[in-house]
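Read the figures in this text as sums done on the coordinates, not as results from a lab. A quick note: this is a predicted structure, and the numbers were derived from the prediction, not measured. Counting neighbours? That spans all protein chains shown, and the Cβs are built from the backbone with ideal geometry, glycine included.
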Amino acid sequence: MMEEKEFSSKAYLDMELLRFTTAGSVDDGKSTLIGRLLYDSKSIFEDQLEAVKKASIKKGNEAMDLSLLTDGLRAEREQGITIDVAYRYFATPKRKFIIADTPGHVQYTRNMVTGASTANAAIILIDARNGITEQSHRHTFIASLLQIPHIVVCVNKMDLVNYEEESYEKIKADFQAFAAKLAVKDVRFVPISALKGDNVVKKSTNMSWYEGGTLMYILENIHISSDHNHIDARFPVQYVIRPQRDEYHDFRGYAGRVAGGTFKVGDKVMVLPSGFTTTIKSIINHTKELEEAFPPMSVTITLEDDIDISRGDMIVKENNIPRIGQDIDIMMCWMSEKPMRLNGKYALKHTTADARCLIKDVKYKVDVNTLGKILDDKNIGLNEIARISLRTTKPLFYDSYRQNRKTGAVILIDEADNTTVGVGMII
Amino acid sequence: MKKYNLNHLRELEAESIYVLREVAAQFERPALLFSGGKDSIILVHLSVKAFWPAKIPFPLVHIDTGHNFEETIIFRDELCRKLGAQLIVGSVQESIDEGKVVEENGYNASRNLLQTTTLLDTIERHKFDVAIGGGRRDEEKARAKERFFSHRDEFGQWDPKNQRPELWNIFNGRKNMGEHFRVFPISNWTEMDVWQYIYMENIDIPSLYYTHERDVFLRDGVWLYDAPFMTKKPDEKVERIKVRCRTIGDISCTGLTISMADSLEDIIQEIAATRITERGGRADDMRSEAAMEDRKKEGYF
């Protein structure tokens, strides 16, 4: 506990950041689980607890309703639902965590997709009494679609099944059979009771048959440094820095965030779309000169040769260039109440590049509950997921989303009202 | 540190710098909202890093309630001078004089709420199409639902139920004429992250954050500075004690903490041991459960 021992800045600065998403409804005990993680890691402050207690009493609840901690908007509190993605923060001595807390109802697929887009890990909650439901299928499918690298299946409410191993093993087997159909890489299981605190932060004494770590142990120890693509060097140019100062008169730097691979001073690089090749002269971060840059660093690169480069261009390695093209297939989630227009034109954003696109075809729609393909319905509405063919106005430099979540993602924007209406993962 | 691994603060820094560069690339006339508090000081520091060796490509905008701590103003002017940054001041006093807002009366009178009008006027007058703010999602629960790129309509209003989905690191800053954006580059930072970063980067902060003697009085469990314009109740008596600011805002709503912390190390130890959130001392948030949400909808920071 922090108040008992001297807080160490050195340890704090060594921590890694893990982003995870929790999908589920109140019935699954999701709020209780988040409350438990925050409470047991001492991340809830007294005035927040006081406010929640007061609000719980006002609502007529006897027990403290920890979901009130995350329901930030008036409408959410009034209706007792979560409308939007809420971000929560906590830290243990090992890691800092960002929770993207998303509602689990079917109509909120778009929020789950949003929360999943930046997550390293997904927590999927399953009620031990009910086993795997359509909702579990949906959550797992979205986690796999968004390529969340790690999935932690929490079989919750073990206290209500007498902490029996059989219930847990059955759910585990069912889940594995289902997950085999999906592209999920790393799946772990943990039997918990969020309400009683079993195996959340503290090891349960009620389930001696379980030999794995607690949920917190898993979150603290998942290996995340390989979640980024460290092989295919990709540097989307974000902004060109040209100081209007005498001492930097000839300085021209290309600012951006490394989206894949590594870049070292002296590396031979190619610039897309021009195809010109040159050498990296320096990599700078403020006044520091770096030897190399890797994801997710934001740096400024200078080059040996004077080449015309602007935002939306991409610096890559000559022997490893991304795909380049205007005809692109994506798995798309539709985020707008206005239905998708087949053969309609939309603005498109991909890395730092802007283009427009035409929706040419709907190959199939996915039933998110059964994962079945629907071939004869080309109408795509809010929260629906479909495989779409696009034609872009100019070539994109891209990878498949499976290879790189940064260079494989696009968003579609309605040009009439500027809202983000579709999000896509390039196949 | 393991190879090809950033620690969490460097990762947050990289994210914030990315967001700041997106602002410069996607908008015509950005402005950085500077309050003199630690969060906006960090924003300035990150901006210097993001565009180095070029200067920060936007002015600093300070919405001055006229009820600022003197140290804040001195610090602000010195920082702008050092960076060669342009400073634009929007004055709440001017908005009052022009009759656009009416000053609150009574014991809990504050110019905090009045800032919204001055802020929106300043944005309109200078035709800013984006205002960069130091809001963090861990501060308050309405903020927890805020986007990095937050759209405001032609009245400067926020519609929390109709926010644009924000995925990966692709930010949609498209808008119609007259609309603007608020961008929050340090959304994912916590209070502790901010202090550790100030410590790690050796960033200058106003002396108000360190312990000092000050005339204060206690109201509803919060210590307030006895500035000349503060109206005290008969039973509120002034004491001179050692305090420091945990957040810096308008004097009328900035609660002071009794503290002996006179170094960054001490402050960090203090924050680590604290059981109350930093906004717990903010009178502006205590007005109602949805106080922040209501102010944000109207166009507050």
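Some points to look at:
- Computed from Cα positions, the angle between helix A:46-58 and the longest principal axis of chain A comes to roughly 60 degrees.
- With the simple model of a label 7 Å out from the Cα in the direction of the Cβ, A:K268 to B:I258 spans 7.1 nm.
- Reach of A:K54 by Cα under 13 Å, taken over aspartates and glutamates that are not fewer than 8 positions away in the same chain: A:E46, A:E62, A:D65, B:E289
- Cα-projected label distance for A:I57 with B:I73, points at 7 Å along beta-carbon direction, nm: 4.4 nm
- Contact order, relative form, for the stretch A:323-426: 38 percent (alpha carbon pairs under 8 Å, 6 or more residues apart, mean separation divided by residue count).
- Using the Karplus relation 6.51 cos²θ - 1.76 cosθ + 1.60 with θ = phi - 60°, the per-residue 3J(HN,Hα) values for the stretch A:232-241 come to 8, 5, 9, 10, x, 6, 9, 7, 9, 9 Hz, with x marking Gly and Pro.
- Other protein chain Cβ atoms within 10 Å, averaged over every residue that makes up A:289-301: 4
- Take every DSSP beta bridge whose two residues both sit in chain B; close to 60 percent of them are antiparallel.
- Whole-number percent relative contact order across chain B, with pairs defined as alpha carbons under 8 Å at least 6 apart: 20 percent
- One Cα centroid belongs to the stretch A:91-155, the other to the stretch B:95-118; the line between them spans 45 Å.
- Distance between modelled label sites at A:I321 and A:E50, nm, 7 Å Cα→Cβ extension: 6.4 nm
- Relative contact order computed over chain A (Cα-Cα under 8 Å; 6+ residues apart), in percent: 11 percent
- Centroid-to-centroid separation of the stretch A:214-264 and the stretch A:294-330 [C-alpha atoms, Å]: 12 Å
- Where only DSSP H runs of four or more residues are counted, chain B gives -9500 deg cm²/dmol as its mean residue ellipticity at 222 nm, each run worth -39500 (n - 2.57).
- Those aspartates and glutamates that a straight Cα-Cα span of less than 19 Å connects to A:K338, excepting residues fewer than 8 apart in one chain: A:D84, A:D361, A:D377, A:E384, A:D414, A:E415, A:D417, B:D159, B:E166
- Summing charges over all other residues whose Cβ lies under 13 Å from the Cβ of A:W209, with Lys and Arg as +1 and Asp and Glu as -1, gives -4.
- Counting DSSP beta bridges with both ends in chain A, the antiparallel % (nearest 5): 75 percent
- Coil-residue GluC sites (Glu not before Pro) of the stretch A:119-166, DSSP, other Cβ within 10 Å capped at 16: A:E164
- Here A:E415 and A:L13 are evaluated by their C-beta separation; at R0 = 56 Å the FRET efficiency comes out at 0.80.
- Label-zone membership for the stretch A:151-174, site A:E211, 7 angstrom Cα→C-beta point, backbone N under 17 Å: A:165-166, A:169
- DSSP-defined beta bridges in the protein assembly as shown - what % are antiparallel, rounded to 5: 70 percent
- Gaussian network model of chain B, springs between alpha carbon atoms under 10 Å - residue of B:P234, B:P59, B:P185 with greatest fluctuation: B:P234
- Centre-to-centre, using Cα atoms only, the stretch B:154-199 and the stretch A:374-388 are separated by 31 Å.
- Helices in chain A, meaning DSSP H runs of at least 4 residues, each add -39500 (n - 2.57). Divided by all residues, the mean residue ellipticity at 222 nm is -5500 deg cm²/dmol.
- Sequence-ordered 3J(HN,Hα) estimates for the stretch A:357-365 from the Karplus curve with 6.51, -1.76 and 1.60 and θ = phi - 60° stand at 9, 10, 7, 7, 7, 9, 6, 6, 10 Hz, glycine and proline given as x.
- Greater than 31 Å apart at Cα, pairs in A:K30/A:K363; A:K53/A:K185; A:K58/A:K203; A:K360/B:K175: A:K30/A:K363; A:K53/A:K185; A:K58/A:K203
- Nearest-ten-degree value, helix A:165-179 long axis tilted from longest Cα axis of chain A: 30 degrees
- Pairs from the table (A:K406/B:K49; A:K349/A:K394; A:K42/B:K145) lying more than 19 angstrom apart at Cα are A:K406/B:K49; A:K42/B:K145.
- The mean number of Cβ atoms from other chains found within 10 Å of a Cβ in peptide B:156-167 is 6, as a whole number.
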